[in-house]
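Asker: I'd like to ask you about the structure that follows.
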Amino acid sequence: MISIDEARRIILEQVTGLPVVSVPLLDSLGMVLAEDVRSPWDIPSADNSAMDGYAYSHDLLKGESLLVCGFLPAGTIRTDPVPAGQAIKIMTGAQVPPGCDTVVPVEDVLETSEGILLLKGPSKSGSHVRKRGEDVGADKLIFTKGTLIRPQEIGMLASFGRTTVPVYRKPVVAILATGDELVEPGEARLSGKIINSNSYSIAAQVLETGSTPIMLGIARDDRDTTRRLLQQGLQADVIITSGGVSVGDHDFVKEVIEQMGGEIKFWKINMKPGKPLAFAAIDGKPLFALPGNPVATMVGFEMFVRPALLAMMGHTRSIRPLVRAVATEPIHNKGDRPHLIRTLIELKDGKYYLKSTGDQGSARLSSLTLGNALILVPSGTTVEAGDEINASLLDRSFEMQE
């Protein structure tokens, strides 16, 4: 058996980045930028008003009144200078005309019926004017290759006039369940049969990374069917199987991989759940053979497949964030392998607290649905109540305010 860290190292050394593609701007959300981006122009492109108000020259102001000489809505440009001692009514976003350097908001003035503007108080030179290039200067490096594209990056790219963006392509992931005992959701539940939930939980995890899942269905416990469906899976970038990777009489996945010319990089990891997990390559395509128990399947994906998919998409950060959390109860690992224990984390007064989700059996999917984090407890170790421990957050929904 190899360690979790060694298994992850082998995987990340084997996977390679996917080709660069150009996608429509909105489709790039959540993807990784494949080139540096420089600003094509200044933003703002000219001095403009930050408020609805009146523009004038602060240095040429005499007294506390000005003559209003016109109106300037957003989108209209005035090329004639505003004369000294006069002001022009201006709307938010309108380009400040020549002869003006200051804007006073409408609520800070009184305009008489004779067109005289009376200032209610002192003003400051340059107030409420957005200066040309104060946000972004022309030809400035704004985003570097490898930047994760979030909504704010979408907005900035749109302000550059971009309609398409070069990004690393999303992986297509083929998902195959194995076992005579499986039936699909919606099929009749027969005695001795188990609904194939693994393919759906894996597909959801694939979608969460931004990758694209393809369901290959169920491979029955025979070599020919397994080989045929794995061959179909080679059309994808990555293959994930669940079940059939242990040492049972009908566990054919490893055997079929080798018959297809695949190279098994490792099998069995020193962890619980998920010990019988194999990583292989067929025709250069990474293949993850996950265990069949639902929790072992999902934890195996979380620990090894997720980082690989993110790395293939150009992400430089592929491991979930760790937080320090205080155990509110003793958590035991009496076994001989490091145990990834499912926990529930809560945030109270700015501090994280966690507790176990109960029975940690690898077939108990509820141990995941009741929680939001994993902690790694070494073999033969007890985390005592009050101890601080690193926890890997699976989601941060608990931090949302009501």
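The values are calculated or read from the model by the stated rules, or taken from the named source; none is laboratory data. Small disclaimer: the values here were computed from a predicted structure and weren't measured. All Cβ positions, glycine included, derive from the backbone under ideal geometry; neighbour counts span all protein chains shown.
Asker: Sort out which residues of the stretch 39-59 are in a loop (DSSP other than H, G, I, E, B) and either farther than 13 Å from Ala94 by Cβ or free of Cβ contacts under 8 Å to residues at least 12 places away in the same chain (or both), and write them in order of number.
Answerer: The answer is Ser39, Pro40, Trp41, Asp42, Ser57, His58, Asp59.
Asker: Which members of the stretch 366-380 meet the condition of being outside any loop (DSSP other than H, G, I, E, B) and either surrounded by 13 or more Cβ atoms within 10 Å (Cβ to Cβ) or among the hydrophobic types (A, V, I, L, M, F, W, C) (or both)?
Answerer: Ser366, Ser367, Leu368, Ala373, Leu374, Ile375, Leu376, Val377
Asker: Could you list all residues from the stretch 211-234 that are modelled with pLDDT of 95 or more and part of a loop (DSSP other than H, G, I, E, B)?
Answerer: Ser211, Leu234 - these are the residues of the stretch 211-234 that are modelled with pLDDT of 95 or more and part of a loop (DSSP other than H, G, I, E, B).
Asker: With Leu118, Leu60 as the choices, which residue is touching an Asp or Glu at 6+ places or on another chain (Cβ under 8 Å) and modelled with pLDDT under 95? Please lay out each step first, then the result.
Answerer: Values: Leu60 fails: touching an Asp or Glu at 6+ places or on another chain (Cβ under 8 Å).
Within the list Leu118, Leu60, the selection yields Leu118.
Asker: May I pose another question? State whether the residues of the stretch 272-292 include one that is part of a helix (DSSP H, G or I) and either in contact with a strand residue (DSSP E or B) (Cβ under 8 Å, 6 or more places away or on another chain) or surrounded by fewer than 23 Cβ atoms within 10 Å (Cβ to Cβ) (or both).
Answerer: No, every residue in the stretch 272-292 fails to be part of a helix (DSSP H, G or I) and either in contact with a strand residue (DSSP E or B) (Cβ under 8 Å, 6 or more places away or on another chain) or surrounded by fewer than 23 Cβ atoms within 10 Å (Cβ to Cβ) (or both).
Asker: Name every residue in the stretch 60-73 that is under 50 Å from the mean Cα position of the chain (by Cα), touching a residue at least 24 places away in the same chain (Cβ under 8 Å) and not in a strand (DSSP E or B), in order of residue number.
Answerer: none
Asker: Looking at the stretch 141-156 only, could you name the residues that are among the aliphatic types (A, V, I, L, M) and closer than 16 Å to Gly314 by Cα? Please lay out each step first, then the result.
Answerer: Going through the stretch 141-156, the residues among the aliphatic types (A, V, I, L, M) turn out to be 141-142, 148-149, 154, 156.
Of everything in the stretch 141-156, those that are among the aliphatic types (A, V, I, L, M) and closer than 16 Å to Gly314 by Cα turn out to be Leu148, Ile149.
Asker: When the stretch 381-402 is examined, which residues are found to be more than 18 Å from Pro321 (Cβ to Cβ) and surrounded by fewer than 17 Cβ atoms within 10 Å (Cβ to Cβ)?
Answerer: Selection gives Thr381, Thr382, Glu384, Ala385, Gly386, Asp387, Gln401, Glu402.
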